[in-house]
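Input: a single structure, listed below in structure tokens.
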Amino acid sequence: MTNDILDRIDVRYKVELQFTLGDGKELTIARAELSITCGTYDGIPTKETLAALITSRGVTEDDIRAVGYLNAGQAAAKIAERKIEAKDIIQMQIQDVLLDESPIAQSLV
């Protein structure tokens, strides 16, 4: 494929994350689920690539699915204090493949 075509293709991933958060006294586990779109120009993304994109995007209160003693807003704030790392990603699945921002393939479940 030529670089011109690769530059027009994006892949949207559904990503599940898990974080261990704490205040120095207690630890809690927070889980998040979000979608992130990644270009294909640089090749197939790794967990490290997606972690960097998620760090740029941020994890919001709406992304939080389960949390221990913190509420979703507190968990999102604690996550925002640190970088997302590859080890935080539990699972990543292709949701859609886009060409010029229009879906050309979707995950069927």
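A few comments on the model shown:
- Rounded tilt (10° steps) of 47-57 against the dominant C-alpha axis of the chain: 70 degrees
- Trypsin sites (Lys or Arg not before Pro) lying in DSSP loop within region 46-109, provided at most 13 other Cβ fall within 10 Å: R82, K83
- Under 19 Å from the Cα of K47 - lysines, other chains or at least 8 residues apart: K14, K83, K87
- Mean residue ellipticity (222 nm) of the chain, computed from DSSP H runs ≥ 4 via -39,500 (n - 2.57), nearest 500: -6500 deg cm²/dmol
- Straight-distance candidates among the lysines for linking to K25, with alpha-carbon spacing under 20 Å and chain neighbours fewer than 8 residues away dropped: K78.
- Amide hydrogen proximity for L70: with H placed 1.01 Å from N in the peptide plane, no residue at 5 or more positions away or on another chain lies under 5 Å.
- 3J(HN,Hα) couplings calculated from phi for region 77-89 with the Karplus curve 6.51 cos²θ - 1.76 cosθ + 1.60 (θ = phi - 60°) are, in sequence order, 5, 5, 5, 5, 6, 9, 7, 6, 10, 3, 5, 6, 7 Hz; Gly and Pro show x.
- Scalar couplings 3J(HN,Hα) for region 92-106, obtained by applying the Karplus form with A = 6.51, B = -1.76, C = 1.60 to θ = phi - 60°, are 9, 10, 5, 9, 8, 10, 10, 10, 6, 6, 10, x, 10, 7, 9 Hz; x denotes Gly and Pro.
- Cα-projected label distance for Q106 with T20, points at 7 Å along beta-carbon direction, nm: 3.9 nm
- Amide H contacts of R65 (H built 1.01 Å from N, under 5 Å, at least 5 apart or other chain): R31, A32, E33
Values in this text are rule-based calculations from the coordinates and carry no lab data. Since the model is a prediction, treat every value here as computed from it, not as a measurement. Here the Cβ is made from the backbone with ideal geometry for all residues, glycine too, and neighbour counts use every protein chain on show.
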